[in-house]
1. Please give the strands (runs of 3 or more DSSP E) falling wholly within segment 1-62 in which 1 or more residues are farther than 17 Å from residue 343 by Cα.
2. What tally of residues in segment 300-323 results from selecting those that are within 17 Å of residue 148 (Cα to Cα), under 22 Å from the mean Cα position of the chain (by Cα) and outside any loop (DSSP other than H, G, I, E, B)?
3. When segment 241-260 is examined, which residues are found to be farther than 19 Å from residue 145 by Cβ and outside any strand (DSSP E or B)?
4. So residue 325 ticks every box in (1) more than 18 Å from residue 269 (Cα to Cα); (2) among the polar types (S, T, N, Q); (3) open to solvent by 10 Å² or more (accessible area, probe 1.4 Å) but one. Which box is left unticked?
5. Might you let me know whether segment 292-315 holds any residue that is in contact with a helix residue (DSSP H, G or I) (Cβ under 6 Å, 6 or more places away or on another chain) and buried (at least 24 other Cβ atoms within 10 Å of the Cβ)?
6. Based on what the data block shows, is residue 52 within 22 Å of residue 361 (Cα to Cα) and hydroxyl-bearing (Ser, Thr, Tyr)?
7. Which condition from (1) in contact with a Gly (Cβ under 7 Å, 6 or more places away or on another chain); (2) part of a loop (DSSP other than H, G, I, E, B); (3) crowded, with 24+ Cβ neighbours inside 10 Å is the one that residue 381 breaks?
Amino acid sequence: MGLLIQNARLVLPYEVLEGAWLLCEEGRIAAYGRGPLPQKTFSDSLDAHNGYLAPGFVDLHVHGGAGADFRDGEEEAFVRAMRAHLAGGTTTMLATLSSASPKTTLQSLAVYGGMLQKQKALWPLPRMAGVHLEGPYFSPAQKGAQDEALIRLPDPAEYEAILEQAPFVRRWSIACELPGALRLGSLLHSRGIGASIGHSNATTAQVYRAFEHGFCSVTHLYSGCSVLHRNGPYREGGVVEGAFLIDEMDVEVIADGVHLPPDFLRLIYKIKGPDHIALITDSIRAGASDTPEGSTVYDDKEGRRPILIEGGVAIMPDRKNFAGSIATTARGVRTMVRQAGVELPAAVRMASLTPARMLGMDAEIGSIAEGKWADLVLLSPELAVQAVIRDGKKVI
């Protein structure tokens, strides 16, 4: 029993294996190779027609899609958004909650916790790896599209209550320069939760100190990040320079082709390399769907905060800040290959193995290897998603 995929170009971490086959058994990758097909009985087969068979994508930072946002606090919204991104090749996901009131955050966390208990009944979904909290402990000077009314300083009573209720929180984006932020970073690190510098106006010196207190990554590099500036007559680095200077610091990159120009993508790749870059979507509720160009959507389900869809991206009405992307992870891979000139294995690694490693899940997912979960995405020669396999079953 199992699924046999043949006539594929397997995207391995450092090469593409042409004319290959792959066998899935009991939800895992049982074998792969070139030449004669395995002499085994299988229940299903898929002809890749010379398409690229890659590991399923791992999105660390996604807010919603198909008209739903994870802050909506409804199971139906979670399911709709997650299935939309599954169709875009994301087979493992951290549901991301942006800055909200404590009540809204706790309600959404409760819904997610309930879904974890009945994943089989909700099949098919991306692998539910946990939750990423983006805020609310941010710098107003780097708020971007975050609602400034909801931004606040770290509150031990608040974040300890969240961590007690939601042990599945896996990442938390915080402005590391805020009073109390280093204490929170150390606490998260002690619990195995990734503390990420986000929407931060920190200096490079503050980034160094934050790294010593458990901050191991930077949220959507360049977006909501301080950069080189003047402090009187002196030049002072920011978050971006700190991320470049600390070799071990991982970075998220929104590679939708709009948030960052190709030169910036090439620069980040040149300095950090594919093993420290995670491609993210940062997709909002209008993402992973055919939202018409020129549409007005809303950041919140109450319809209070309008956002425009222009030029293939979400933008604030005053056009001073982007408001998240509308991309799928597959679009990010295409952008890195076509605009940044990155080889396909490295682009896929940034969308799969590197974020899997950042989650501590790279022994189970993130690359094509025997024994790993058979979460796979079949891409056309043009890198469009043609099929998605989850646990060895074709779901898209």
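1. Because the criterion is at least 1 residues that are farther than 17 Å from residue 343 by Cα, the strands (runs of 3 or more DSSP E) in segment 1-62 that meet it are 3-11, 16-25, 28-34, 44-47, 57-62.
2. Here the count works out to 3.
3. 241, 242, 243, 244, 245, 246, 247, 248, 249
4. Status for residue 325: all satisfied but (3).
5. no
6. Spelling it out, it is not the case that residue 52 is within 22 Å of residue 361 (Cα to Cα) and hydroxyl-bearing (Ser, Thr, Tyr).
7. (3)
One line per residue, one yes/no per condition, for (1) crowded, with 17+ Cβ neighbours inside 10 Å; (2) in contact with a strand residue (DSSP E or B) (Cβ under 6 Å, 6 or more places away or on another chain); (3) modelled with pLDDT of 95 or more:
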position	(1), (2), (3)
84	yes, yes, yes
94	yes, yes, yes
109	yes, no, yes
114	no, no, yes
118	no, no, yes
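The values are calculated or read from the model by the stated rules, or taken from the named source; none is laboratory data. Quick caveat: nothing in here was measured; it's all calculated off a predicted structure. Reconstructed Cβ throughout: ideal geometry from the backbone, glycine too, with neighbour counts over all protein chains shown. Ligands, DNA and RNA are excluded from the accessible area calculation, which covers all protein heavy atoms including side chains. Shrake-Rupley method; radii C 1.70, N 1.55, O 1.52, S 1.80 Å.
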